[in-house]
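The values are calculated or read from the model by the stated rules, or taken from the named source; none is laboratory data. Quick caveat, the model's predicted, so the values are computed rather than measured. Neighbour counts are summed over all protein chains in view; Cβ atoms, including those assigned to glycine, are modelled from backbone coordinates with ideal geometry. Side chains included, ligands, DNA and RNA excluded: accessible areas come from the protein's heavy atoms. Shrake-Rupley method; radii C 1.70, N 1.55, O 1.52, S 1.80 Å.
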Amino acid sequence: MSVVKSSLSVEQEKKLLSLFGHVRLHLLYKVFVHGYMNIAFHCRCDGQGPTVLVAYNKAGFVFGGYISKDYAQTGQVINDDKAFLYSITDQREKPLRVSSTDDQYGFTDGAYGLNVGALWFLNNNTATVQIVAGNSYTFEGEEMHGNDLQLTECEVYRVEEYGGLRETPWRKIDLEGYGTKDCLMDYIKNYKPEVKSVVQARVLLVGPVGAGKSSFFNSINSVFKGHVTGQANTGSAGTSLTTQFRTYSIKAEQGGKALPLVLCDTMGLEEGPSAGLDIDDINSILKGHVQDRYQFNPSMSVQTDGVGFCKSPSLKDTIHCVVYVLDACKVTLLSAKMVDKLAAIRKGINKLGIPQLVLLTKVDEACPLVREDLTNIYLSHYIERMTRKVSVCLGVSQSCVLPVKNYSRELELDIHTDILLLTAVVQMLRYTDDYFDDIYQAGDQKSE
């Protein structure tokens with residue numbers, strides 16, 4: 001399944017956002033994908049909190065309504081003093097906004113689409129917006145929708161407040177200057193595993209499809225090469241683009257020696273029991289049985305007699321740190337099945353005593369204030385709130401959650417992006433040392 005994308009133009013989205021304060025929009029429902037079906041509408045929109053419906057017609061109008069309460073199909077009239085209708089056109093500089101004239105009426109919470117009396121969207125599973133007489137919203141049809149009630153598209157977005165900026169950072173980190181970047185790069189280049197049988201720390205990247213695992217490797221590789229690269233396959237397909245187990249070494253510079261770090265990339269996690277990376281496959285990877293370029297088969301676990309299976313792995317073949325990679329834009333949309341799958345994976349990793357971190361990617365897409373200025377990342381209420389949510393969801397300390405921005409559309413490196421990426425790698429190596437310390441205490445000998 002392909003990624004569902006918004007039909008809003010940049011200018012239309014800008015005008016829509018001007019109706020709110022500090023918010024971001026997350027697409028929940030789209031007629032072109034899900035159809036004019038009330039079951040699909042409520043499956044994706046019920047219980048989502050504040051939402052805005054965005055309707056499109058041939059007359060060029062973008063119009064709809066905002067409600068601050070949940071859809072719950074109660075059949076009751078809902079008192080919502082924050083609800084409003086709006087209309088956007090290219091001809092108007094500012095959107096038209098219409099609030100209810102009745103303090104007791106916001107919308108009717110029925111089994112169909114958004115019903116604010118004046119306009120009833122998706123009624124009877126059709127593309128035609130119905131007008132209901134005797135309502136609390138007053139407007140001229142020409143101004144609201146150009147007297148065109150036949151929709152060409154309809155979307156619903158969850159409206160998330162991102163809360164502006166804090167006065168003081170919620171985590172202290174020096175994001176300024178090449179001195180910081182050089183220190184971080186030197187730390188990584190000079191890192192030496194504390195167990196003499198291991199030359200390179202092996203870090204496994206695990207996460208849902210499209211979270212940015214392969215992009216993270218490409219980004220780290222770019223920092224050390226000095227320009228943006230794309231060695232690992234990345235994109236926005238609905239299923240995993242990574243179908244093999246890949247181990248990526250990174251050279252300290254163009255033509256230089258390999259860093260003491262190997263990033264291991266896997267298939268993305270998917271909800272279905274026979275889709276994406278299997279939990280048993282992860283256990284085989286952790287224990288060092290799976291070699292580079294092993295071809296995964298989503299319909300069955302790793303075969304012990306298959307090509308690329310190592311029957312007698314040593315410590316240098318095992319995983320020394322696991323990093324979950326999550327999209328900051330989708331943290332609040334993680335399904336119960338995905339959360340359960342992550343919990344099962346974490347339980348197995350805990351048994352092996354392997355340290356775990358979390359990369360929170362796409363922070364610039366999640367928070368407009370961070371998109372404007374990446375140095376706002378530790379001043380952003382929204383990003384801090386997402387790290388707390390991930391901490392609770394995965395059962396890890398908040399200090400284990402590292403917000404980063406991968407290189408995706410850029411052609412040149414950015415100092416602030418580099419520092420965030422390098423800081424994450426340094427934390428991985430520090431946690432790897434903790435793992436080696438545990439091994440040493442268990443009786444293995446450290447390097448001299």
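For segment 6-67, the alpha carbon convex hull comes to 97 Å³ per residue, rounded to a whole number. Just the protein heavy atoms count here, and of the accessible area of the chain at 1.4 Å, carbon and sulfur take up 49 percent. Quick one: dipole size for segment 1-75, taken about the Cα centre, charges +1 on Lys/Arg Cβ and -1 on Asp/Glu Cβ, in debye to the nearest 20. Here segment 1-75 has a charge dipole of around 160 debye. Averaging over all projection directions, the Cα-based convex hull of segment 324-398 occupies 4.9 nm² in the image plane. Here the chain carries DSSP beta bridges of which approximately 70% are antiparallel, counting only pairs with both residues inside.
Solvent-accessible surface of protein heavy atoms, probed at 1.4 angstrom with all chains present, puts HIS381, HIS42 in the order HIS381, HIS42, largest first. By a 1.4 Å probe calculation restricted to protein chains, THR168 has an accessible surface near 80 Å², given to the nearest 10.
Remark on the chain: Rg and Dmax equal 25.1, 84 Å (Cα only). Using amide H atoms built in the peptide plane, which far-off residues or other-chain residues are under 5 Å from GLY64 H to H? Residues meeting the amide H criterion: ALA55, TYR86. Across segment 394-400, coupling constants 3J(HN,Hα) worked out from phi with the 6.51/-1.76/1.60 Karplus curve, θ = phi - 60°, read 9, x, 10, 5, 4, 5, 7 Hz, and Gly and Pro carry x.
Ranked from the most accessible area to the least, with a 1.4 Å probe and all protein chains present, what is the order of LYS341, LYS82?
Putting LYS341, LYS82 in descending order of accessible area: LYS82, LYS341.
Any chance you could give the angle, 0 to 90 degrees and rounded to 10, that helix 178-190 forms with the longest Cα principal axis of the chain? It works out to around 50 degrees. Here segment 61-114 is treated as a sphere whose radius is the Kirkwood value from Cα pairs; by Stokes-Einstein at 4 °C and 1.567 mPa s it diffuses with a coefficient of 107 µm²/s. A simple rule links phi to the HN-Hα coupling: the Karplus curve 6.51 cos²θ - 1.76 cosθ + 1.60 with θ = phi - 60°, which for segment 310-325 gives 9, 6, 10, x, 9, 4, 5, 8, 7, 8, 9, 7, 10, 10, 7, 10 Hz, with x for Gly and Pro.
Applying the Karplus relation 6.51 cos²θ - 1.76 cosθ + 1.60 with θ = phi - 60° to segment 144-156 yields 3J(HN,Hα) values of 7, 9, x, 6, 10, 9, 9, 7, 9, 6, 8, 9, 10 Hz, where x marks Gly and Pro.
Its Kirkwood hydrodynamic radius, worked out from the mean inverse distance over all distinct Cα pairs, puts segment 116-209 at 21.0 Å.
Between 0 and 90 degrees, the angle of helix 213-225 with respect to the longest Cα principal axis of the chain falls at about 60 degrees. Between ARG430 and GLU271, the contour length at 0.36 nm per residue exceeds the Cα-Cα span by 54.1 nm. Per residue, segment 320-378 exposes 35 Å² of accessible surface when a 1.4 Å probe is rolled over the protein heavy atoms with every protein chain present. Per the Debye calculation on segment 21-109 with a single equal scatterer at every Cα and no solvent contribution, log₁₀ I(q)/I(0) for q = 0.19 Å⁻¹ amounts to -1.03. The listed residues LYS58, LYS337, LYS189 rank as LYS58, LYS337, LYS189 when sorted by accessible area, largest first, using a 1.4 Å probe. Here the Debye sum runs over all C-alpha atoms of segment 244-296 as equal scatterers in vacuum, and log10 of I(q)/I(0) at q = 0.22 Å⁻¹ comes out as -0.83.
What ratio of Cα Rg to 2.2 N^0.38 Å holds for segment 347-448?
Numbers: Rg = 16.4 Å, N = 102, 2.2 N^0.38 = 12.8 Å.
That ratio works out to 1.29.
For VAL325, nonlocal amide neighbours, meaning residues 5 or more places apart or on other chains whose placed amide H falls under 5 Å from its own, are VAL206, GLY207, LEU359.
The C-alpha atoms of the chain define a longest principal axis, and helix 336-352 lies at about 10 degrees to it. Here the Debye sum runs over all C-alpha atoms of segment 91-163 as equal scatterers in vacuum, and log10 of I(q)/I(0) at q = 0.16 Å⁻¹ comes out as -0.70.
Which semi-axes, in whole Å and largest first, does the equivalent ellipsoid of segment 25-172 have when worked out from the alpha carbon gyration tensor as the square roots of 5 times its eigenvalues?
Those come to 25, 19, 17 Å.
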